[in-house]
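For reference, the structure is listed below as structure tokens.
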Amino acid sequence: GPKVLQIPSHQIIDMGQMVTLNCDPVSNHLYFYWYKQILGQQMEFLVNFYNGKVMEKSKLFKDQFSVERPDGSYFTLKIQPTALEDSAVYFCASSLGAGDTQYFGPGTRLLVL
Amino acid sequence: QQKVQQSPESLTVSEGAMASLNCTFSDGTSNNFRWYRQHSAKGLEVLVSIFSDGEKEEGRFTAHLNRANLHVSLHIREPQPSDSAVYLCAVRTGGNNKLTFGQGTVLSVIP
């Protein structure tokens, strides 16, 4: 099936630093999503993004989080500054249309020390 | 707020025996239900999507939806050891394609 890539697969950073997680979505998809999964817990929706704008965000999407997709390149999630509770696996997804199937990447494992 | 619960937490079946997984949701206005599976360190693989009450089959995977009972199930016919993975139920509510996931069922298929 369609492939979503995420870079890097693992990231370890010190608390307070900035981190950018990169997602290479399916080439013709227009809608993009980030989900967060803390170890041992359910995957939870963070944000979705279309046409350069955030469509909906959850309470987990703190002010320190931002997303963008400049000029059709990577869809990125930036956290600045990071906190210990940001340690989790972050999954990117994309879909062709607003209600279509979301295809997920393998996740980026973020550890904040 | 939507709550999605899966059962059982883990399931072991013999190769060739039917595997049945359950998912309940709390919001009766939910309009789209998907089953994904996740092999270790890989992305989620979509198995079957269902939008209306009844049954939807995709190969060996069949989803059953009963909206009145707030229940959707997944049945895997003739499971193989390569089907061993975490199975996730995902429920969509509203128009922004936001998915609420269950906690997953760990399926082990033994030869």
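Numerical summary
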quantity: Residue, farthest from B:Leu107 (Cα to Cα), within segment B:65-87, restricted to residues that are within 15 Å of the chain's Cα centre (by Cα), part of a loop (DSSP other than H, G, I, E, B) and at pLDDT 95 or above; calculated: B:Leu70
quantity: Pairs with Cβ under 8 Å, 6+ apart, first in segment B:94-111 and under 30 Å from A:Tyr50 (Cα atoms), second small (Gly, Ala, Ser) and outside any strand (DSSP E or B); calculated: B:Gly95/A:Ala98; B:Gly95/A:Gly99; B:Asn96/A:Ala98; B:Asn97/A:Ala98; B:Asn97/A:Gly99; B:Lys98/A:Ser58
quantity: Qualifying positions in segment B:51-64 - without any contact (Cβ under 8 Å) to a residue 12 or more places away in the chain and outside any strand (DSSP E or B); calculated: B:Gly59
quantity: In segment B:26-40, the residues that are out of contact with any Phe, Trp or Tyr (no Cβ under 9 Å at 6 or more places or on another chain) and under 22 Å from B:Ile76 (Cβ atoms); calculated: B:Arg34, B:His39, B:Ser40
quantity: Selected residue (criterion: nearest to the chain's Cα centre (by Cα)) from residues of segment A:37-52 that are facing chain B (nearest Cβ under 7 Å) and of a type in the set (S, T, N, Q); calculated: A:Asn48
quantity: Single residue of segment B:97-111 satisfying the filter (surrounded by fewer than 18 Cβ atoms within 10 Å (Cβ to Cβ) and not in a strand (DSSP E or B)) that is farthest from the other protein chains (Cβ to nearest Cβ); calculated: B:Pro111
quantity: Matching residues in segment A:12-36 - criterion: being crowded, with 18+ Cβ neighbours inside 10 Å and within 16 Å of A:Ser87 (Cα to Cα); calculated: A:Val19, A:Leu21, A:Trp34, A:Tyr35, A:Lys36
quantity: Lone unmet requirement of (1) among the hydrophobic types (A, V, I, L, M, F, W, C); (2) touching a residue at least 24 places away in the same chain (Cβ under 8 Å); (3) outside any strand (DSSP E or B) for B:Val13; calculated: (3)
quantity: Qualifying residue in segment A:100-109 (condition: among the basic types (Lys, Arg), part of a loop (DSSP other than H, G, I, E, B) and either within 9 Å of chain B (Cβ to nearest Cβ) or in contact with a strand residue (DSSP E or B) (Cβ under 9 Å, 6 or more places away or on another chain) (or both)); calculated: no
quantity: Identity of the residue in segment A:1-23, of a type outside the set (Gly, Ala, Ser) and within 12 Å of chain B (Cβ to nearest Cβ), that ends up nearest to A:Asn48 (Cα to Cα); calculated: A:Cys23
quantity: Meets criteria (modelled with pLDDT of 95 or more, over 15 Å from the mean Cα position of the chain (by Cα) and exposed (fewer than 13 other Cβ atoms within 10 Å of the Cβ)) for B:Gln1; calculated: no
quantity: Flag if B:Thr24 is farther than 29 Å from A:Phe49 by Cα and either in contact with a strand residue (DSSP E or B) (Cβ under 8 Å, 6 or more places away or on another chain) or assigned to a loop (DSSP other than H, G, I, E, B) (or both); calculated: no
quantity: Identity of the residue in segment A:80-97, under 19 Å from A:Gly1 (Cα atoms) and either assigned to a loop (DSSP other than H, G, I, E, B) or free of Cβ contacts under 8 Å to residues at least 24 places away in the same chain (or both), that ends up nearest to the other protein chains (Cβ to nearest Cβ); calculated: A:Gly97
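For every residue, the table says whether it meets (1) more than 11 Å from chain A (Cβ to nearest Cβ); (2) surrounded by fewer than 17 Cβ atoms within 10 Å (Cβ to Cβ).
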position: B:Pro8; (1), (2): yes, yes
position: B:Ala17; (1), (2): yes, yes
position: B:Thr24; (1), (2): yes, no
position: B:His39; (1), (2): no, yes
position: B:Phe51; (1), (2): no, yes
position: B:Glu58; (1), (2): yes, yes
position: B:Asn66; (1), (2): yes, yes
position: B:Asn69; (1), (2): yes, yes
position: B:Ser73; (1), (2): yes, no
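The values are calculated or read from the model by the stated rules, or taken from the named source; none is laboratory data. Just so we're clear, the structure is a prediction, and the values are computed from it rather than from any experiment. Here Cβ is always computed from backbone atoms with ideal geometry, including for glycine, and neighbour counts include all displayed protein chains.
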